[in-house]
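Here the structure comes first, spelled out in structure tokens, and everything after it is commentary.
The values are calculated or read from the model by the stated rules, or taken from the named source; none is laboratory data. The shown structure was predicted, so the numbers you read here are calculated from the model rather than taken from an experiment. In this analysis, Cβ positions are derived from the backbone assuming ideal geometry, glycine residues included, and neighbour counts consider all displayed protein chains. All accessible areas refer to the heavy atoms of the entire protein, side chains included, with ligands and DNA or RNA removed. Shrake-Rupley method; radii C 1.70, N 1.55, O 1.52, S 1.80 Å.
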Amino acid sequence: MLSVVLLAGCGQSYEEAKEQSARERAMHQRKDSLALKVGVLPTIDCLPMFIIKERAWIDTAKADVRFRDMESHIAADDALRRGKIEGSVTDIVRAERMKRQGLALTYVASTPLSWQFITNKKARIKELKQLTDKMIAVSRFSATAMLADMAVDSSRLKSEVVFRVQVNNPQIRLKMLLNNEMDAVLLPEPQATVARLAGNPVIMDAKNKDLRMGAIVFTDKAMNDSRRRSQIDAFVKAYNQACDSINRYGIASYAGIIKKYMDVDDRTVRSLPKVKFEHAARPREKDITRANSWLR
């Protein structure tokens, strides 16, 4: 009993522990609010950000930059609007739509985000004209929806005979295809490679359409704040460094990072197409114009 009394006297009371926990939470929230937060997805275009994170290429003492995992572009859009993050990967169609809705954004980089139109092998669809009465998984008001329209228009099908199903998460789109729950999907890498390795045919590739719709955006609020701008500059410097590293050593040299953040196996990594990453720069004007023309 004496030992219990002595230990109780030396330890924290419940109220003291509660107060300490509250102080720690407040400190964590303050640090998080001061950090620059960037939304990322489990896709190849985000590989530079995952490399920055794993290699700690940004000195947190000088510029605290944190990456927030997002399940879809629409989730990242919502986080941007609510001020939960200051920047994010996205596609130009989504970015231009957010700008039309009143969210001031600045393009900081163009990314190699691209999509392949992949059909279910059991559906036996080999041409775009065979999409009649088929279900296509896309994300509304996005580059995937634009590409679906391009596919329908080029095949001279009536738009109303193709069913567009909203599936925002690329991982879920892939699972629906593999589980035979969808006739066709639009997938980025590495999800597209997983689908191809499973024997599902590609009937359209965005790369053949001269489309570069991937982008990294930051809110104007962040761009116009001197402290945030220094963080963004540090991010851009590290991003360019990561791009140079990928281009020099190849995607396969970062197999461990790809498997960790994108949930794929060694076979998928070995089968990924070569991707060139360019230094941070504003997207091409013709891609922005094309996105706005579709949004009309």
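For the reader, a short list of remarks on this structure follows.
- With Cα atoms, 0 to 90° folded angle of helix 143-154 axis to the chain main axis: 0 degrees
- Candidate aspartates and glutamates for bridging to residue 129, where Cα separation is under 15 Å - those fewer than 8 sequence places away on the same chain excluded: 149, 153, 160, 183
- Take the Cα of residue 266, step 7 Å toward its Cβ, do the same at residue 202, and the gap between the two points is 2.4 nm.
- When you restrict to C-alpha pairs under 8 Å that are six or more residues apart and normalise by the size of segment 23-158, the relative contact order lands at 22 percent.
- Anchor residue 286: aspartates and glutamates whose Cα lies under 12 Å away (excluding residues fewer than 8 positions away in-chain): 210
- Across segment 171-183, coupling constants 3J(HN,Hα) worked out from phi with the 6.51/-1.76/1.60 Karplus curve, θ = phi - 60°, read 5, 5, 4, 4, 4, 5, 5, 5, 8, 6, 9, 9, 7 Hz, and Gly and Pro carry x.
- Atom-type composition of the exposed protein surface of the chain places 49 percent of the accessible area on carbon and sulfur (1.4 angstrom probe).
- Three-way shape call for segment 182-296 based on the alpha-carbon gyration tensor, with the a/c threshold at 1.5: oblate
- Spacing of the two label points (7 Å from each Cα toward its C-beta) at residue 62 and residue 122, in nm: 5.5 nm
- Whether segment 93-132 is rounded, prolate or oblate, judged on the alpha carbon gyration tensor where a/c under 1.5 counts as rounded: prolate
- Solvent-accessible surface of the chain, averaged per residue with a 1.4 angstrom probe and all protein chains in place: 52 square angstrom.
- Mean Cα-pair separation over length for segment 80-152, i.e. relative contact order, pairs under 8 Å, 6 or more apart, %: 35 percent
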